[in-house]
Amino acid sequence: MPRPAVLQPEASSFVTECEIPDLPGVDKSATKFYKVTVSKNTTQILPGVDTEIWGYEGLYPGPTIKVKRGEPAIVRFINDLSVELTVHNHGGHQSSVADGFPSDLILPGQFKDYCYPNISPVERDSSGVLLNTDSDFTSTQWYHDHAVDITGQNVYMGLAGFYLLSDDLEDGLINTGVLPGGEFDVPMVIQDRRFAADGSLVYRPEEDNFDGWLGDVFVVNGKAQPKFHVRRRKYRFRILNGANARWMELRLNRGRFLQIGNDSWLLDHAIARDTLRLSPAERAEVIIDFRDAPAEVFLENILEMKDGRRPEDDLLKKGVPLVKFIVDQQEEPVDNATLQEGQTLRPHTPIREDEIVKTRTFKFDRRKGAWAINGEHFDPGRDDATPKLGTAERWILKNSSGGWAHPIHIHLEGQQVQKINGSPPLPQDSFKKDTIQLGPNDEAEVFIKFRTFEGRFVFHCHNLEHEDSFMMGKFNVKP
Ligand code: C2O
Ligand code: CU
């Protein structure tokens, strides 16, 4: 299993059309400049078989962008493909123009610069004093294509990569040996793909009526069911479900996970987990301890999907292997990370009930053979919600579509899950999320604050076939 390449900044700055916003916490003099050419390439996903992919820098998955808090990044995406593109930094707190709005397209042969401030949200109290929002700073984002109507195809062909952030708190946890760092910090994107006899990727979502396109081969960091050599240490894995439509439930054939992050954020405290259920776009960051592991350990999927509609209710007894860890048996085990279950990571500051100024309800359902929210298909010209900057709202997300499951993603800000079907969420889901699992007939109540940026952003189902067939809305943050 390869580790995705890390993208290096340009040696010198370039003249850019985007603007780094003037915000507290942003050090413009520390801006880093990056260039990413989006192009076709050939790679081997299946051993010995050439497959054409579309890649950021020609790579599948794309190169990892690593940034520090307060140091802006300007990334120029150059479209060398013959399709339209737009780039969304998922989980990122960035302005509307930098957010990759689905109709803000980069035409073939053109480029676009995206300005990422890499800050936590800017919030002030009633007398204008800046509040500490350290608790909302993100760790593990991912960037991917978001072009209107063709996101599913573009991501399926390879357009996704990691965007990792760090700040003093997280660096401190690594430098004091609480969390594993360096070579023991491994991003891992899991996807499913279907191949034609000639090795090409097959993407025909219309054949499944846009229920969601599934593959029959699991691909991790761009390789089919790979091996990964590990030492007798603890590793941090940043696991991303990067599939278009497939939900997964992960387990180890031996041992448990210690979960440290959920979606973009480190958790309030570490939580032991036997299995991890991830819908498309969700992330789980975990520590796996290989100190006493046998020579082989498998990361497996135990959730079955027979079509793109929804996962099966019964879990598989015999898991499908995703990654085979090969554990070095020669060296002495070393405890390279002291983190224990329950130990504090990034303390969560809750959004309080008394901050809520408005409740909105969104029903995810079907209309005229396509996907809809509150009976409407996506229309970039229509505002589906106009929250006021600096306020917090309660959003009720309702799955009214019967037999389908929908992972719901809201841009710009994290969501604090209050209730799932009237009950409190599981501990690991009760802090911040950016993608919410809505199984058939589920209802989630979330709190969300609108900070820092005005303007238009989207929220949508992250089953990319549902998104492309219009299950997307727009909110417009007003002054
Ligand atoms: Cu990961 Cu709107 O997307
Ligand atoms: Cu959906």
Given 4 °C and 1.567 mPa s, compute D for the stretch 189-237 with the Stokes-Einstein relation, Rh being the Kirkwood radius over Cα pairs; round to the nearest whole µm²/s.
100
Before anything else, pin down the relative contact order of the chain: Cα pairs under 8 Å, at least 6 apart, normalised by residue count, whole percent.
14
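Quick one: in the stretch 409-469, what % of C-alpha pairs are over 20 Å apart?
It works out to 31 percent of all Cα pairs.
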Alpha carbon convex hull of the stretch 1-152, projected area averaged over orientations, nm²:
10.9
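Filter the chymotrypsin sites (Phe, Trp or Tyr not before Pro) in the stretch 1-34 to those in DSSP coil with at most 13 other Cβ atoms within 10 Å of their Cβ, and list the result. It would help to have the intermediate numbers written out before the result.
On the way: sites: Phe14, Phe33, Tyr34; in loops: Phe14.
Taking the stretch 1-34 and a limit of 13 other Cβ atoms within 10 Å, the loop chymotrypsin sites (Phe, Trp or Tyr not before Pro) found are Phe14.
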Take every Cα pair under 8 Å in the stretch 272-400 that's 6+ residues apart, average their separations, divide by the length, and report that relative contact order as a whole percent.
19
So if I place +1 on the C-beta of Lys and Arg and -1 on the C-beta of Asp and Glu, and nothing else carries charge, what would the dipole magnitude of the stretch 1-160 be about its Cα centre? I want it in debye, nearest 20.
440
Rg(Cα) / (2.2 N^0.38 Å) computed for the stretch 348-412, rounded to two decimals:
1.30
Under 10 Å, Cβ to Cβ, from Leu169 - net charge with Lys/Arg +1 and Asp/Glu -1:
-3
Which whole-percent values make up P(r) of the stretch 83-182 when all C-alpha to C-alpha distances are grouped in 5 Å steps starting at zero?
2, 12, 17, 18, 15, 12, 10, 8, 4, 1
The size of the Cβ-based charge dipole (Lys, Arg +1; Asp, Glu -1) of the stretch 147-280 about the Cα centre, to the nearest 20 debye, is 920
Positive end of the charge dipole of the chain (Lys, Arg +1 and Asp, Glu -1 on Cβ, about the Cα centre): tell me which of Thr140, Gln437, Val49 has its Cα farthest that way.
Gln437
Over the Cα atoms, compute the radius of gyration (one decimal) and Dmax (the largest Cα-Cα distance, rounded to a whole number) for the stretch 320-479, in Å.
19.3, 63
Given charges at Cβ of Lys, Arg, Asp, Glu: the chain dipole, positive-most of Asn476, Ser29, Ala270
Ala270
Please work out the Cα center distance from the stretch 310-325 to the stretch 366-406, rounded to the nearest Å.
31
How large is the translational diffusion coefficient of the stretch 251-407 in µm² per second when you combine the Kirkwood radius over alpha carbon pairs with Stokes-Einstein at 4 °C and 1.567 mPa s?
66
Kirkwood hydrodynamic radius of the stretch 14-89, from inverse mean 1/r over distinct Cα pairs, in Å:
14.5
Summarise the accessible area of the stretch 18-105 (1.4 Å probe, protein heavy atoms) by the percent that is carbon and sulfur.
46
Apply the Kirkwood formula to the stretch 235-285: the hydrodynamic radius equals the inverse of the mean of 1/r over all pairs of different alpha-carbon atoms; give it in Å with one decimal.
11.3
Quick one: what are the phi-derived ³J(HN,Hα) couplings along the stretch 299-312, Karplus 6.51/-1.76/1.60 with θ = phi - 60°, whole Hz, x for glycine and proline?
8, 10, 9, 10, 10, 9, 10, 8, 8, x, 5, 6, x, 5
Express as a percent, rounded to the nearest 5, the fraction of DSSP beta bridges in the chain (both residues included) that run antiparallel.
75
Volume per residue, Å³, of the convex hull around the alpha-carbon atoms of the chain?
146
Summed over the other residues with a beta carbon less than 10 angstrom from that of Asp216, with K and R at +1 and D and E at -1, the charge totals +1
So what does log10 I(q)/I(0) come out to for the stretch 173-301 at q = 0.09 Å⁻¹, using the Debye formula with one equal point on every Cα and no solvent?
-0.30
Using just the helices of the chain, give the 222 nm mean residue ellipticity in deg cm²/dmol: DSSP H runs with n ≥ 4 each add -39,500 (n - 2.57), and the total is spread over all residues, rounded to 500.
-1000 deg cm²/dmol
Quick test of your reading: applying the under-4.7 Å Cβ rule, which cysteines of the chain are isolated?
Cys461
Assign unit charges at the C-beta atoms only (+1 for Lys and Arg, -1 for Asp and Glu), then state the dipole size of the chain relative to its Cα centre in Debye, rounded to the nearest 20.
380
If we sort 306-316, 423-433 on the protection proxy, mean other Cβ atoms within 10 Å, highest first, what's the order?
423-433, 306-316
How are the Cα pair distances of the stretch 201-276 distributed, in percent, across 5 Å bins from 0?
3, 11, 17, 22, 19, 13, 9, 5, 2, 0
Name the residue farthest towards the positive end of the dipole of the chain from the options Gly455, Gly212, Gly381, assuming +1 on Cβ of Lys and Arg, -1 on Cβ of Asp and Glu, about the Cα centre.
Gly212
14 Å beta-carbon shell around Ala270, net charge (K/R +1, D/E -1)
0
Could you list the square roots of 5 times each eigenvalue of the Cα gyration tensor of the stretch 134-235, that is, the equivalent ellipsoid semi-axes, sorted largest first and rounded to whole Å?
34, 19, 9
Whole-number accessible area per residue in Å² for the stretch 173-226, which is evaluated in the context of all protein chains at 1.4 Å:
38
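The values are calculated or read from the model by the stated rules, or taken from the named source; none is laboratory data. Just so we're clear, the structure is a prediction, and the values are computed from it rather than from any experiment. Note that each Cβ is placed from the backbone with ideal geometry, even for glycine, and that neighbours are counted across all protein chains shown. These area figures cover heavy atoms from the full protein model, side chains too; ligands, DNA and RNA do not enter into them. Shrake-Rupley method; radii C 1.70, N 1.55, O 1.52, S 1.80 Å.
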